[in-house]
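Engineer: Quick one: the structure is below, and I'll ask about it shortly.
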Amino acid sequence: MIIGSNLLFFQNLPSTNAHTFDLLKKSKLPEGTILYTNYQSAGKGYSGNKWESEDGKNLLISIILYHSFIKQEDHFLISMVISLGVCDFLMRFIPECSIKWPNDIWVNNDKIAGLLLESSLTGNQIEFTVAGIGLNINQQRFLSNAPNPVSLNQLTGVNYDLPSSLEILASDLDKRYKQLIGGNYGQIKKEYISKLYRLNRWHEFRDKNGLYRGRVLTVGDYGRLIIERQNGEISEYSFKETEFIP
Ligand code: BTN
């Protein structure tokens, strides 16, 4: 086991990702170490947003990955395997799970998990990545204005034991990380693409030029999203260059 071989629990923290970076400044921790907490006072979301999570209700974790075997241009594969691992976990309990590019996990039209991958660079080499995951498990009411949050409990009516959930999640993530180490990138990309939210379905999107109608075709080099517009034009987007309109 790589992911989950070392577990570090904290009752509360400002942010598991931030704390992981602090610890790594002081000493090297083994690959696959998971830091987790019951509560974050300053949980970080994508694009500078805050991540809401009620005390003791959900999984809030950060995983340390060294992955020097991955070339810079293939770095998005890390995000792919983490997203797939979260979906594998969820699909033990529910029939469907999709990945809203680049890093959100959705069930139908609701967001159940968010990933925040942060890397440390030495020169232009990635030294390590901290893969942060916020996965809503037992929370029943969400107070922030985040779009459509949902928890596993709201979907199934079951209250889950967090330590066992973490153990299962770690094992699902570990299997996916080993798939990456095994080097079958084609299979990983195929599975990730097949789970993309709005894959091949016409919907509204927005980019710097305004609203447009399009459909997600695939993910290209460097994890760029490829969308076909209704006039047949193909556009390629890096992170934050386009958004999905509900
Ligand atoms: C998003 O905005 O969708 C990404 C949310 C990521 C939240 C997780 S919770 C554990 C880890 N620590 C953080 O501060 N953020 C990530």
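The values are calculated or read from the model by the stated rules, or taken from the named source; none is laboratory data. What you see is a predicted model; the values in this text were computed from it and never measured. We place every Cβ from the backbone using ideal geometry, glycine too, and count neighbours over all the protein chains shown. Quick note on the areas: whole protein, heavy atoms, side chains included, nothing else; ligands and nucleic acids left out. Shrake-Rupley method; radii C 1.70, N 1.55, O 1.52, S 1.80 Å.
Engineer: Please go through region 1-22 and pick out each residue that is open to solvent by 40 Å² or more (accessible area, probe 1.4 Å), within 20 Å of Ala170 (Cβ to Cβ) and in a helix (DSSP H, G or I).
Structural biologist: His19
Engineer: Quick one: which residue in Lys190, Lys178, Lys208 is exposed (fewer than 14 other Cβ atoms within 10 Å of the Cβ) and under 22 Å from Val130 (Cβ atoms)? Let's see the steps before the verdict.
Structural biologist: Details: Lys190 fails: under 22 Å from Val130 (Cβ atoms); Lys208 fails: under 22 Å from Val130 (Cβ atoms).
Of the residues listed, the single one that is exposed (fewer than 14 other Cβ atoms within 10 Å of the Cβ) and under 22 Å from Val130 (Cβ atoms) is Lys178.
Engineer: Out of everything in region 26-59 that is assigned to a helix (DSSP H, G or I) and modelled with pLDDT under 95, what residue ends up being surrounded by the most Cβ atoms within 10 Å (Cβ to Cβ)? Step through it out loud before you land on a result.
Structural biologist: Just the residues of region 26-59 that are assigned to a helix (DSSP H, G or I), to begin with: 26, 46-48.
Add one more test, that the residue is modelled with pLDDT under 95, and what stays is 46-48.
Working: Tyr46: 16, Ser47: 8, Gly48: 6.
Top of the filtered list is Tyr46.
Engineer: Any residue that is open to solvent by 70 Å² or more (accessible area, probe 1.4 Å) and modelled with pLDDT of 95 or more - is there at least one of those in region 120-132?
Structural biologist: Checking region 120-132: not a single residue is open to solvent by 70 Å² or more (accessible area, probe 1.4 Å) and modelled with pLDDT of 95 or more.
Engineer: What do you reckon, is Leu135 closer than 20 Å to Thr242 by Cα, within 12 Å of the ligand (Cβ to nearest atom) and within 10 Å of the chain's Cα centre (by Cα)?
Structural biologist: Values: closer than 20 Å to Thr242 by Cα: no; within 12 Å of the ligand (Cβ to nearest atom): yes; within 10 Å of the chain's Cα centre (by Cα): yes.
No: the conditions fail for Leu135.
Engineer: Taking region 99-119, which residues are outside any strand (DSSP E or B), more than 9 Å from the ligand (Cβ to nearest atom) and open to solvent by less than 40 Å² (accessible area, probe 1.4 Å)? If you could, list the steps in order and put the result at the bottom.
Structural biologist: In the first step, residues of region 99-119 are kept if they are outside any strand (DSSP E or B); the result is 101-103, 108-109.
From what's left, more than 9 Å from the ligand (Cβ to nearest atom): 101-102, 108-109.
Trp101, Pro102, listed by residue number.
Engineer: Okay, moving on. Restricting attention to region 60-78, report how many residues are at pLDDT 90 or above, open to solvent by 10 Å² or more (accessible area, probe 1.4 Å) and in a helix (DSSP H, G or I).
Structural biologist: 2
Engineer: From the list Leu166, Leu173, Leu196, which residue is crowded, with 18+ Cβ neighbours inside 10 Å, farther than 30 Å from Arg224 by Cβ and either of a type in the set (Asp, Glu) or in contact (Cβ under 8 Å) with a residue 24 or more places away in the chain (or both)? Spell out the reasoning first.
Structural biologist: On the way: Leu173 fails: farther than 30 Å from Arg224 by Cβ; Leu196 fails: farther than 30 Å from Arg224 by Cβ.
Of Leu166, Leu173, Leu196, the one residue that is crowded, with 18+ Cβ neighbours inside 10 Å, farther than 30 Å from Arg224 by Cβ and either of a type in the set (Asp, Glu) or in contact (Cβ under 8 Å) with a residue 24 or more places away in the chain (or both) is Leu166.
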